[in-house]
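Below is one structure, written out as structure tokens; comments come after it.
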Amino acid sequence: MKRSTFAVTALAVLGTWLVAQPAAAQDNQARVRVVHASPDGPAVDVWVADKPAFTNASFKGITAYAGLAAGKYGVKVVPTGKTEPAVIDANLDLAAGTDYTVVAVGKLAEIAPLVLVDNNAAPAAGKAHVRFVHASPDAPAVDIAVAAGGPVLFKNIAFKQTGDYLPVDAGSYALDVRPTGTDTVALSVPGLTLEAGTVYTIFAMGLAGGEPALVAVPSVDAKAAAGQAMPAAMPKTGSGGPARQMRTLFLVAAGLLVILGLGIRRQIASPQR
């Protein structure tokens, strides 16, 4: 029997302590967001400094960035709509000038964290930046190519791997996701518009051989606004960031995974099968 597909939820950063943030972390700030890519995982809330930062993070949900001054903060992760039990209650040390994405990937029984250090630096004039994140647990390694015989943009990206940011001309594209080395289209991404001065991530989520079905979930990560410059620096990207950055987000990622894998089953109804 098929599992119920979690509804796609529009997520918001809550509380007056979280104000509108610019396109990337400033020198004295860090920013963190959460992506829920576990196809059968239930929803969670993340609390920072005893205030709700992210709420109802459901499958395919991508939160806004939460901007905080660099430093240590108390972090709690709880079942959606609850204030307890707190399956994590610890201090989080955020590095200044850095954007982070914590992705929950894998089926519930084998769920694992994927911690990314984001590169929201400004593209060159007339360009957009795009990266690809393979978050489908049963899909093979894939190539991502422009449709109708176009060039391969990302090659041989396996589950939990990330194609680094690629500068492309602004415009509209149709992309094909294909098992590596084949012409078989596993997923089509039609009508993808990439705007100049904008940074994107495309997440492959869901299941290639089940429900919820494999789908491409695009995210606008950063966009230059009038009177607001994006940073010129291009920090190292991907999941292999410095050890300190990995330690910084390990508590958040681990807490999210503990909820999804253990305590939440007593708080939130399990998906139907």
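No lab work stands behind these numbers, since they all come straight from the coordinates. In this text, all values refer to a predicted model and were calculated from it rather than measured experimentally. Here the Cβ is made from the backbone with ideal geometry for all residues, glycine too, and neighbour counts use every protein chain on show.
Listed values, structure above:
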{"quantity": "Mean Cβ count within 10 Å, highest first, over the residues of peptides 165-173, 29-37, 101-109", "calculated": "29-37, 101-109, 165-173"}
{"quantity": "Out-of-range pairs (alpha-carbon distance over 21 Å; input LYS107/LYS160; LYS60/LYS160; LYS51/LYS160)", "calculated": "LYS51/LYS160"}
{"quantity": "The stretch 123-223: translational diffusion in µm²/s, Stokes-Einstein, Kirkwood Rh over Cα pairs, 37 °C, 0.692 mPa s", "calculated": "243 µm²/s"}
{"quantity": "Cα-based reach from LYS72 at 19 Å (exclusive), listing aspartates and glutamates while leaving out same-chain residues under 8 positions away", "calculated": "ASP27, ASP50, ASP89, ASP93, ASP99"}
{"quantity": "Residue order, fewest to most beta carbons within 10 Å, for ARG178, ARG131", "calculated": "ARG178, ARG131"}
{"quantity": "Surrounding net charge for LYS155, when Lys and Arg each add one and Asp and Glu each subtract one, Cβ distance under 12 Å", "calculated": "-1"}
{"quantity": "Average Cα contact separation per residue, the stretch 123-223, under 8 Å, 6 or more apart, as relative contact order %", "calculated": "33 percent"}
